[in-house]
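Colleague: One structure is given below, represented as structure tokens, and several questions about it will come after.
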Amino acid sequence: MTEAWIIDAVRSPRGKGKESGALHPVHPQRILAQVLEALRERNGFDTADVDDVVMGCGAGSGDHSMDIARMAALDAGWSIHAPGVTLNRFCGSGQQAVNFGAMGILAGFQDLVVAGGVESMSRPAPMHVDGFTANNNHLRDQYDMVPQGISADLIATVEGFSREELDQLAVDSQARAAAAMAEGRFDRSLVPIHHDDGTLALAVDEHPRPGTTIEDLAKLTPSFAGMGGHVMGGRELSIDDTARKAYPQIDEIRHVHHGGNSSGVVDGASAVLLASPEWAKAHGMTPRAKVTMAAVAGDEPVIMLTAPAPAAKLVLKKAGMTFDDIDLFEVNEAFASVLLKFLRDTGVPWDKVNVNGGAMALGHPIGATGGMLIGTLVDELERQDKETGLVAMCTGGGMATATIIQRV
């Protein structure tokens with residue numbers, strides 16, 4: 001069997017996902033195009049050799065529509081012979097793109113794939129406006145899904161997580177991200193993004209708040225308490241009561257998430273260069289890592305965000321490995337309760353997870369994050385001279401993606 005080699009990985013900085021954010025004026029297609037072109041410039045491959053450009057995107061409409069993977073490749077000036085496809089597995093879209101790219105190479109169907117994702121959250125699309133059932137009323141007979149923030153608070157309530165525990169993870173994430181940025185740990189992967197006139201838009205991550213303390217976070221108002229009291233989409237019950245219907249053992253949902261212990265809303269793009277060993281050797285390219293195994297798991301869709309641990313256990317089982325075989329983990333910090341649930345269910349020590357901070361500090365540009373986490377993990381394995389890493393991400397609809405990578 002062949003292997004799926006990771007030749008390189010690059011990403012844009014994460015810009016604040018609001019109109020005042022540095023990347024807001026730059027169309028997401030242009031952000032992705034600049035990341036793609038930087039990947040080509042760094043590695044010198046002929047874009048006509050690319051079997052596919054596979055990109056994740058959570059929105060898929062508005063500025064993100066019309067197969068942004070293909071359009072961005074053309075926008076970057078790549079060969080017309082480099083096709084592109086855009087996929088959506090919610091927050092795990094970028095990681096799923098990399099997994100699909102690796103699968104194509106491992107199957108022998110492809111030799112060179114560029115995978116990752118893009119999301120400009122400052123350019124809102126009609127996604128998740130009314131929860132996950134807005135366009136799926138027929139699902140209500142089976143599952144009454146609710147917005148993710150409510151699901152995150154539901155996890156904390158069911159698991160008995162305190163706000164102080166969750167806030168401490170957020171403070172740790174900020175401190176780790178600040179240290180990583182100060183030491184230049186992200187520099188190898190970062191691609192500066194420019195405006196159409198050539199002036200610099202953003203060169204470093206814009207979202208982190210270094211110096212954040214527990215006392216700072218204690219002052220923040222829970223973000224989803226008001227939402228929980230609303231009645232959604234013609235239902236008879238409030239959103240909180242809709243969630244509680246699936247978990248009648250709890251009396252009420254404790255709203256403990258806020259802007260500080262939830263993932264940041266940001267803009268950004270990522271790209272990972274994947275190749276078969278045969279193609280890489282023929283073109284003089286040296287791998288940095290390889291994709292050892294990938295998996296996707298489903299879990300209960302009302303609580304929605306609890307599948308990262310099952311996905312990690314599944315991918316390890318498929319690889320014939322255990323948690324002790326993994327040196328470093330990247331677990332997307334969609335919400336602090338998601339991370340704490342993963343740590344509790346797996347027993348993985350916190351000092352092996354998200355050592356350079358996560359989405360609570362850096363932000364989570366939905367479709368782009370998976371490619372970013374894989375690139376960050378490759379960089380960190382090299383920095384620490386470690387061998388094996390695992391990425392896990394929760395997604396909408398009660399799913400999670402997982403990938404094991406090993407240095408070559």
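Colleague: Hey, for a label at residue 20 modelled as a point 7 Å past Cα toward Cβ, could you say which residues of region 261-278 have their backbone N under 20 Å away?
Modeller: Once the point is set 7 Å along Cα→Cβ of residue 20, 261-268 turn out to lie under 20 Å by backbone N, inside region 261-278.
Colleague: Could you give me D for region 286-406, from Stokes-Einstein at 25 °C and 0.890 mPa s, where the hydrodynamic radius is the Kirkwood radius over C-alpha pairs? Units µm² s⁻¹, please. Walk me through the numbers on the way to the answer.
Modeller: Numbers: Rh = 14.1 Å.
Stokes-Einstein gives a translational diffusion coefficient of 174 µm²/s.
Colleague: Here's another thing I want to ask about it. Considering only lysines 8 or more places apart in sequence, or on different chains, count the pairs in the chain whose C-alpha atoms sit under 17 Å apart.
Modeller: Within the chain, the lysine pair count is 7.
Colleague: What is the spread of the Cα atoms of the chain along each of their three principal axes, largest first, in whole Å?
Modeller: For the chain, the Cα spread along each principal axis is 63, 47, 45 Å.
Colleague: Tell me the net charge near residue 381. Cut-off is 11 Å between Cβ atoms, residue 381 excluded, with +1 for each Lys or Arg and -1 for each Asp or Glu.
Modeller: Details: positive: 288, 383, 386, 407; negative: 327, 330, 379, 380, 382, 385, 387.
Net local charge, residue 381 excluded: -3.
Colleague: Can you give me the solvent accessible area of residue 306 with a 1.4 Å probe, rounded to the nearest 10 Å²?
Modeller: Looks like 10 Å² after rounding.
Colleague: Okay, next question. Whenever you get a sec, line up 18, 219 from highest to lowest accessible area (probe 1.4 Å, protein heavy atoms). Each step should come with its number before you reach the end.
Modeller: Values: 18 105, 219 160 Å².
Greatest to least solvent exposure: 219, 18.
Colleague: Also, I was wondering about something else. Decide, for region 1-55, between rounded, prolate and oblate: order the square roots of the alpha carbon gyration tensor eigenvalues as a ≥ b ≥ c, take rounded if a/c falls under 1.5, and otherwise choose prolate if a/b is larger than b/c, else oblate.
Modeller: prolate
Colleague: On to the next question. By how many nm would the segment from residue 318 to residue 283 lengthen if fully extended, with 0.36 nm per residue of separation less the alpha-carbon distance?
Modeller: 9.5 nm
Colleague: Going by the alpha-carbon gyration tensor, a ≥ b ≥ c the square roots of its eigenvalues, is region 234-330 rounded (a/c under 1.5) or, if a/c is not under 1.5, prolate (a/b greater than b/c) versus oblate?
Modeller: In terms of gyration-tensor shape, prolate.
Colleague: Still on this structure, please answer the following. Can you give me the solvent accessible area of residue 45 with a 1.4 Å probe, rounded to the nearest 10 Å²?
Modeller: Probe radius 1.4 Å; accessible area of residue 45 about 10 Å².
Colleague: Just the number, please: percent antiparallel of the DSSP beta bridges in the chain, rounded to the nearest 5.
Modeller: 70
Colleague: While we're looking at this one, here's another question. What list of ³J(HN,Hα) couplings, whole Hz, do you get for region 144-150 from phi and the Karplus terms 6.51, -1.76, 1.60, once you set θ to phi - 60° and write x for glycine and proline?
Modeller: Working through the residues one at a time gives 9, 6, 10, x, 4, x, 5 Hz.
Colleague: Taking only C-alpha pairs under 8 Å that are 6+ residues apart, what is the relative contact order of the chain in percent?
Modeller: It rounds to 28 percent for the chain.
Colleague: Could you compute how much accessible surface residue 188 exposes when probed at 1.4 Å, giving the result in Å² to the nearest 10?
Modeller: Its accessible surface works out to 120 Å², give or take rounding.
Colleague: Any chance you could check the Cα centroid distance between region 352-387 and region 166-199 for me, in angstrom?
Modeller: Centre-to-centre distance over Cα atoms comes out at 10 Å.
Colleague: Taking amide H atoms as placed 1.01 Å from N in the peptide plane, list the residues 5 or more away in sequence, or in a different chain, whose amide H sits under 5 Å from that of residue 191.
Modeller: Amide H neighbours of residue 191, under 5 Å, 5+ apart: 11, 12.
Colleague: Keeping the other protein chains in place, figure out the carbon and sulfur percent of the accessible area of the chain, with a 1.4 Å probe.
Modeller: Solvent-exposed carbon and sulfur of the chain make up 51 percent of the total.
Colleague: How far apart, in nanometres, would the label points at residue 250 and residue 213 be if each is projected 7 angstrom from Cα along the Cα-to-Cβ direction?
Modeller: Spacing of the two 7 Å Cα→Cβ label points: 3.1 nm.
Colleague: At 7 Å along the Cα-to-beta-carbon direction for both residue 48 and residue 194, put a label point, then send me their distance in nm to one decimal.
Modeller: 2.6
Colleague: Next question. Name the shape class, rounded, prolate or oblate, that the alpha-carbon gyration tensor gives for region 16-133, where a ≥ b ≥ c are the square roots of its eigenvalues, rounded holds for a/c under 1.5, and otherwise prolate holds if a/b is larger than b/c and oblate otherwise.
Modeller: Because a/c hits 1.5 or more and a/b fails to exceed b/c, region 16-133 counts as oblate.
Colleague: Count the DSSP beta bridges whose two residues both fall in region 264-408, then state the antiparallel fraction as a percent rounded to the nearest 5.
Modeller: Restricted to region 264-408, the bridges split so that about 75 percent are antiparallel.
The values are calculated or read from the model by the stated rules, or taken from the named source; none is laboratory data. Quantities reported herein were computed from a predicted structural model and do not represent experimental measurements. Cβ: placed from backbone, ideal geometry, glycine included. Neighbour counts: every protein chain shown. Surface areas here come from the heavy atoms of the whole protein model, side chains and all, with no ligands, DNA or RNA. Shrake-Rupley method; radii C 1.70, N 1.55, O 1.52, S 1.80 Å.
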